[in-house]
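S.K.: After the C-alpha coordinates below, expect a handful of questions from me.
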Amino acid sequence: ALTNFPPISYEGDVYGAGAILAYSKGRWWGTLDYSYTEADLDISASEITTHTISPRIGTTGNIGKLKGSIWIGGMHQDVDEHQLGTVPFPPATVDYDVKQHAEEEWNFLVGGSLNLTKHIEIAAEGGFGDREQVMGNLTFRF
(Lines give C-alpha, C1' and ligand atoms only; values in the text may rest on other atoms or scores of the structure.)
Protein backbone atom coordinates (compact mmCIF):
# COMPACT_ATOMS: atom_id res chain seq x y z
CA ALA A 1 0.00 0.00 0.00
CA LEU A 2 1.13 3.51 -0.77
CA THR A 3 1.49 5.69 2.30
CA ASN A 4 2.94 8.97 3.45
CA PHE A 5 1.70 11.04 0.53
CA PRO A 6 1.83 14.73 1.34
CA PRO A 7 -1.51 16.55 1.28
CA ILE A 8 -2.27 18.55 -1.84
CA SER A 9 -3.20 22.08 -0.86
CA TYR A 10 -5.15 24.30 -3.20
CA GLU A 11 -7.16 27.48 -3.21
CA GLY A 12 -9.81 28.93 -5.44
CA ASP A 13 -13.27 30.33 -5.87
CA VAL A 14 -16.49 28.37 -6.34
CA TYR A 15 -19.64 29.98 -7.76
CA GLY A 16 -23.04 28.54 -8.47
CA ALA A 17 -26.65 29.28 -9.29
CA GLY A 18 -29.79 27.26 -9.73
CA ALA A 19 -33.53 27.29 -10.21
CA ILE A 20 -36.48 25.00 -9.53
CA LEU A 21 -39.71 24.75 -11.50
CA ALA A 22 -42.55 23.10 -9.60
CA TYR A 23 -46.15 22.19 -10.41
CA SER A 24 -48.85 20.38 -8.46
CA LYS A 25 -52.42 19.31 -9.03
CA GLY A 26 -54.31 17.64 -6.24
CA ARG A 27 -51.97 15.27 -4.45
CA TRP A 28 -49.60 14.88 -7.45
CA TRP A 29 -46.60 17.12 -8.09
CA GLY A 30 -43.54 17.45 -10.27
CA THR A 31 -40.31 19.43 -10.08
CA LEU A 32 -37.43 20.16 -12.39
CA ASP A 33 -34.34 21.64 -10.81
CA TYR A 34 -31.16 22.84 -12.45
CA SER A 35 -27.89 24.01 -10.94
CA TYR A 36 -24.65 25.29 -12.39
CA THR A 37 -21.38 25.31 -10.45
CA GLU A 38 -18.01 26.65 -11.50
CA ALA A 39 -14.77 26.22 -9.58
CA ASP A 40 -11.56 28.05 -10.44
CA LEU A 41 -8.85 26.28 -8.44
CA ASP A 42 -5.15 27.08 -8.54
CA ILE A 43 -4.30 23.40 -9.17
CA SER A 44 -6.55 23.12 -12.22
CA ALA A 45 -5.60 23.94 -15.80
CA SER A 46 -9.19 24.93 -16.52
CA GLU A 47 -12.31 25.88 -14.65
CA ILE A 48 -14.31 22.94 -13.33
CA THR A 49 -17.92 23.21 -14.47
CA THR A 50 -20.87 21.15 -13.35
CA HIS A 51 -24.41 21.13 -14.75
CA THR A 52 -26.99 19.17 -12.73
CA ILE A 53 -30.60 18.54 -13.81
CA SER A 54 -33.07 16.58 -11.67
CA PRO A 55 -36.67 15.86 -12.71
CA ARG A 56 -38.96 14.34 -10.05
CA ILE A 57 -42.63 13.31 -9.87
CA GLY A 58 -44.39 12.40 -6.67
CA THR A 59 -47.50 12.22 -4.60
CA THR A 60 -48.47 13.55 -1.19
CA GLY A 61 -50.70 11.73 1.25
CA ASN A 62 -51.26 10.56 4.80
CA ILE A 63 -49.68 7.72 6.71
CA GLY A 64 -51.89 7.40 9.78
CA LYS A 65 -51.96 10.87 11.33
CA LEU A 66 -48.74 11.94 9.57
CA LYS A 67 -48.53 13.62 6.19
CA GLY A 68 -45.75 12.81 3.76
CA SER A 69 -44.60 12.46 0.16
CA ILE A 70 -42.91 9.85 -1.99
CA TRP A 71 -41.25 10.45 -5.35
CA ILE A 72 -39.21 9.01 -8.18
CA GLY A 73 -36.96 10.81 -10.60
CA GLY A 74 -33.56 11.03 -12.13
CA MET A 75 -30.39 13.08 -11.91
CA HIS A 76 -28.08 14.12 -14.72
CA GLN A 77 -24.62 15.44 -13.81
CA ASP A 78 -22.29 16.81 -16.47
CA VAL A 79 -18.87 17.38 -14.87
CA ASP A 80 -15.72 18.26 -16.77
CA GLU A 81 -12.38 18.88 -15.12
CA HIS A 82 -8.75 19.18 -16.20
CA GLN A 83 -6.13 19.32 -13.44
CA LEU A 84 -2.48 19.99 -14.09
CA GLY A 85 0.15 20.40 -11.42
CA THR A 86 3.09 19.18 -9.39
CA VAL A 87 3.18 17.39 -6.05
CA PRO A 88 6.31 17.37 -3.89
CA PHE A 89 7.26 13.79 -3.16
CA PRO A 90 10.72 13.84 -1.56
CA PRO A 91 13.32 13.40 -2.86
CA ALA A 92 11.64 14.49 -6.15
CA THR A 93 8.41 15.98 -7.44
CA VAL A 94 5.66 14.30 -9.43
CA ASP A 95 3.93 16.09 -12.30
CA TYR A 96 0.33 15.20 -13.08
CA ASP A 97 -2.11 15.94 -15.89
CA VAL A 98 -5.60 14.53 -15.24
CA LYS A 99 -8.75 14.94 -17.36
CA GLN A 100 -11.90 13.82 -15.59
CA HIS A 101 -15.55 13.47 -16.57
CA ALA A 102 -18.52 11.55 -15.25
CA GLU A 103 -18.53 8.00 -16.58
CA GLU A 104 -22.27 7.68 -15.99
CA GLU A 105 -24.14 10.98 -16.22
CA TRP A 106 -27.64 9.68 -15.30
CA ASN A 107 -28.97 7.79 -12.31
CA PHE A 108 -32.43 7.08 -10.86
CA LEU A 109 -33.82 8.66 -7.68
CA VAL A 110 -36.28 7.42 -5.07
CA GLY A 111 -37.22 9.50 -2.06
CA GLY A 112 -39.71 10.28 0.63
CA SER A 113 -40.52 12.81 3.30
CA LEU A 114 -42.57 12.82 6.47
CA ASN A 115 -44.00 15.79 8.37
CA LEU A 116 -43.34 14.93 12.02
CA THR A 117 -45.06 18.09 13.31
CA LYS A 118 -46.45 21.28 11.81
CA HIS A 119 -42.91 22.70 11.86
CA ILE A 120 -40.57 19.69 11.42
CA GLU A 121 -40.09 17.51 8.33
CA ILE A 122 -37.56 14.78 7.57
CA ALA A 123 -36.68 13.55 4.10
CA ALA A 124 -34.36 11.04 2.47
CA GLU A 125 -33.46 10.40 -1.14
CA GLY A 126 -31.30 7.73 -2.71
CA GLY A 127 -29.77 7.57 -6.13
CA PHE A 128 -29.06 4.21 -7.70
CA GLY A 129 -27.79 2.69 -10.89
CA ASP A 130 -24.19 3.04 -12.02
CA ARG A 131 -23.88 6.22 -9.91
CA GLU A 132 -25.10 6.15 -6.30
CA GLN A 133 -25.78 8.83 -3.71
CA VAL A 134 -27.74 9.36 -0.50
CA MET A 135 -29.23 12.61 0.75
CA GLY A 136 -31.09 13.35 3.96
CA ASN A 137 -32.44 16.53 5.44
CA LEU A 138 -34.24 17.91 8.43
CA THR A 139 -36.44 20.93 7.77
CA PHE A 140 -37.72 23.35 10.39
CA ARG A 141 -40.48 25.74 9.30
CA PHE A 142 -41.32 28.77 11.42
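S.K.: Please list 34, 23 in order of solvent-accessible area, largest first, computed with a 1.4 Å probe with all protein chains present.
M.R.: The most accessible residue leads, giving 23, 34.
S.K.: Label region 87-142 by shape, choosing from rounded, prolate and oblate, from the square roots a ≥ b ≥ c of the eigenvalues of the Cα gyration tensor; if a/c is under 1.5 it is rounded, and otherwise prolate applies when a/b is larger than b/c, oblate when it is not.
M.R.: oblate
S.K.: Ignoring ligands, DNA and RNA, what percent of the 1.4 Å accessible area of region 21-94 is carbon and sulfur?
M.R.: On the way: 2980 of 4650 Å².
About 64 percent, which is the carbon plus sulfur part of the accessible surface.
S.K.: Skip the ligands, DNA and RNA, and give the accessible area per residue of the chain with a 1.4 Å probe, whole Å². Display every interim value, and only then the final one.
M.R.: Numbers: 10320 Å² over 142 residues.
It amounts to 73 Å² per residue over the chain.
S.K.: In Å, what Rg and Dmax follow from the Cα atoms of region 55-100?
M.R.: Values for region 55-100 (Cα only, Rg and Dmax): 23.8, 67 Å.
S.K.: Taking the Cα-to-Cβ direction at residue 15 and at residue 66 and moving 7 Å from each Cα, how far apart do the two end points lie in nm?
M.R.: It works out to 4.3 nm between the two label points.
S.K.: Could you compute the FRET efficiency for residue 98 and residue 33, with r as their C-beta to C-beta distance and R0 at 35 Å, rounded to 0.05? Can you show the working numbers first?
M.R.: Details: r = 29 Å, r/R0 = 0.84.
Plugging the Cβ-Cβ distance into 1/(1 + (r/R0)^6) gives 0.75.
S.K.: Could I ask something else about it? Could you pull out the longest piece of the chain with no exposed loop GluC sites (Glu not before Pro) in it, calling a site exposed if DSSP puts it outside H, G, I, E, B and it has at most 12 other Cβ atoms within 10 Å? List each step's numbers first, then the result.
M.R.: Numbers: sites that count: 11, 103, 104, 132.
Formally, the longest exposed-site-free interval is 12-102.
S.K.: Additional query: Magnitude of the Cβ-charge dipole of the chain, K/R +1 and D/E -1, about the Cα centre, nearest 20 debye?
M.R.: With only Lys, Arg, Asp and Glu charged at Cβ, the dipole is about 1520 debye.
S.K.: Over the residues of the chain, compute the C-alpha Rg and express it relative to 2.2 N^0.38 Å.
M.R.: Numbers: Rg = 20.6 Å, N = 142, 2.2 N^0.38 = 14.5 Å.
Rounded to two decimals, the normalised Rg is 1.42.
S.K.: Follow-up question, since we're still on this one. Note down the accessible area of residue 66, probe 1.4 Å, to the nearest 10 Å².
M.R.: Estimated to the nearest 10 Å², residue 66 gives 60 Å².
The values are calculated or read from the model by the stated rules, or taken from the named source; none is laboratory data. This is a predicted model, so every value here is computed, not measured. FYI the Cβ positions are ideal-geometry reconstructions off the backbone, even for glycines, and counts take in every protein chain you see. What goes into the accessible areas is simple: the full protein's heavy atoms, side chains included, and nothing from ligands, DNA or RNA. Shrake-Rupley method; radii C 1.70, N 1.55, O 1.52, S 1.80 Å.
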